[in-house]
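Since the structure comes first, as structure tokens, the remarks are kept for the end.
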Amino acid sequence: MKVRFWGVRGSIPSPGSITGKYGGNTACVELRVGSAERLVIIDAGSGIRTLGNFLMANDLANGPIKADIFLSHTHWDHIMGYPFFTPIYVPTTEVKIYGPVTFEDDPLEDVVGGQMKYRYFPVNIGELSSNITYIRLKEDPSIDLGDGLWLSTKLLNHPITSLGYRFEYKGKVVCTCYDTEPFRNLFATDPNDPDYDEVMAIEGEEVATEQNMVVEQFFAGADLLIHDAQYTAEEYSSRVNWGHTSIEYAIAAANRAGVKKLALFHHDPDRTDEQLDVLAEKYCKSGKQSGTEVFFAREGMVVNL
């Protein structure tokens, strides 16, 4: 399997001279599987526009473009690039779009395609000439995607339904774990708090610990884990419940789970290249993080497994 990053930023695109090294596009990851280089795309943030242009220039001449697009969730920064993904305007293109939906009455097609209405965009979703199928996903431990590629999905901790993905092919594993933050005890733990209930406080702590362990089991032993790391631990203390993880927690969890390579992902839109370089110097030196190789994901970076 081969992974290429086309968008690594979180929340909103942040182009400019101070983000050029790591990139300013929002989430989009390309996964090529097997000798046939089956195309899997994870998220359709603004980075998918550049990926689409690359496919038009390099893949289309070899035959119709076929792609499986997996959306971690439907927040705008993870779907905003979809209308600018050029292959969906080509009649021969075949795309399957997988993802969760938070509101049960809304089909995935309406959530993703809702941004392609004339009030927002010059082309209506109904005018696309390619063959597009929408497949709604829930938590599932084993999905056969064919050609020897298997998928597991895991519910994460985010303000709307968000899924982690575990792709397995011929003994190699690529996992995504974003947008998410550690589960925590939602009940009062201070005995002096008027809402304190000892039984509920203990049970809440047990549930949070259990769910964090389940997430770590989900990406255990991964050859590559792409994990949310939008904040430092100091920053996260004032951003609890925003749905993102600290760098320190992501590294510790990857180490506990025996992950081989950890790509720190979903960089804060205000984080400059210089600041990321400083963090990389602190956290990514060879051998510093036990057995896990740690690095900050950059646009254009390729990881071969």
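Among the GluC sites (Glu not before Pro) within the stretch 51-138, which fall in a DSSP loop and have no more than 10 other Cβ atoms within 10 Å of their own Cβ?
The qualifying sites are Glu104.
State to the nearest 20 debye the size of the charge dipole of the stretch 1-58 about its Cα centre, where the only charges are +1 on K and R beta carbons and -1 on D and E beta carbons.
Using Cβ point charges on Lys, Arg, Asp and Glu, the stretch 1-58 gives about 100 debye.
Taking amide H positions as placed in the peptide plane 1.01 Å from N, state which residues far from Thr26 in sequence (5 or more) or on other chains have amide H under 5 Å from it.
Placed amide hydrogens put Arg9, Ser46, Gly47 under 5 Å from Thr26.
If contacts are Cα pairs under 8 angstrom and at least 6 residues apart, what is the relative contact order of the chain in percent?
Relative CO of the chain lands at 18 percent.
Under a point-charge model restricted to the Cβ atoms of Lys and Arg (+1) and Asp and Glu (-1), what is the dipole moment magnitude of the chain relative to its Cα centre, in debye to the nearest 20?
On the way: 27 positive and 43 negative charges, 332 e Å.
Around 1600 debye, computed over the chain.
How big is the convex hull of the Cα atoms of the stretch 176-305, per residue, in Å³?
About 119 Å³ per residue, rounded to a whole number.
Can you spot the lysines whose alpha carbon is less than 30 Å from Lys261's alpha carbon? Ignore those fewer than 8 places along the same chain.
Lys2, Lys21, Lys66, Lys96, Lys138, Lys154, Lys170, Lys172, Lys282, Lys285, Lys288
Would you mind pulling out the separation of the Cα centroids of the stretch 228-268 and the stretch 145-184, in Å?
The stretch 228-268 and the stretch 145-184 have Cα centres spaced 16 Å from each other.
Within the stretch 87-126, list the trypsin sites (Lys or Arg not before Pro) lying in a DSSP loop whose Cβ has at most 16 other Cβ atoms in a 10 Å radius. Before the final figure, lay out the partial values.
Working: sites: Lys96, Lys117, Arg119; in loops: Lys117, Arg119.
Hits after loop and neighbour filter: Lys117, Arg119.
Please list 3J(HN,Hα) in residue order for the stretch 41-58, calculated via the Karplus relation 6.51 cos²θ - 1.76 cosθ + 1.60 where θ = phi - 60°; whole Hz, with x for glycine and proline.
Coupling constants for the stretch 41-58: 10, 10, 6, 10, x, 4, x, 5, 5, 5, 4, x, 5, 5, 5, 5, 7, 10 Hz.
Under 5 Å between amide hydrogens, which residues at least 5 positions from Gln230 or on another chain qualify, with H placed 1.01 Å from N in the peptide plane?
Thr245
I want to make sure I understand the PRE zone here: with the label point 7 angstrom from the Cα of Val123 toward its beta carbon, which residues in the stretch 77-99 have backbone N atoms less than 18 Å away?
Answer for this model: 79-97.
Taking R0 as 35 Å, what's the FRET efficiency between Arg184 and Asn255 from their Cβ-Cβ distance, rounded to 0.05?
After rounding, the FRET efficiency stands at 0.95.
HN-Hα J couplings of the stretch 74-90 from phi, Karplus 6.51/-1.76/1.60, θ = phi - 60°, integer Hz, Gly and Pro as x?
Ordered by residue, 3J(HN,Hα) equals 10, 4, 4, 5, 9, 10, 5, x, 4, x, 9, 7, 3, x, 6, 9, 9 Hz.
Using θ = phi - 60° and the Karplus curve 6.51 cos²θ - 1.76 cosθ + 1.60, what whole-Hz ³J(HN,Hα) does each residue of the stretch 11-19 get, with Gly and Pro shown as x?
For the stretch 11-19, the Karplus-derived couplings read 6, 7, x, 9, x, x, 5, 8, 10 Hz, x marking Gly and Pro.
Quick one: which residues, 5 or more positions from Glu293 or on another chain, have an amide H under 5 Å from its amide H? H modelled 1.01 Å from N in the peptide plane, none for Pro or chain starts.
Here the answer is Lys261, Leu262, since their amide H atoms fall under 5 Å of that of Glu293.
Going toward the positive end of the dipole of the chain, with +1 on Lys and Arg Cβ and -1 on Asp and Glu Cβ, which of Phe85, Thr176, His227 do you reach last?
Selected residue: Phe85.
Read-outs throughout are calculated quantities, based only on the coordinates presented, and are distinct from any laboratory measurement. Here the structure is a predicted model, which means the values were calculated and not measured. Here Cβ is always computed from backbone atoms with ideal geometry, including for glycine, and neighbour counts include all displayed protein chains.
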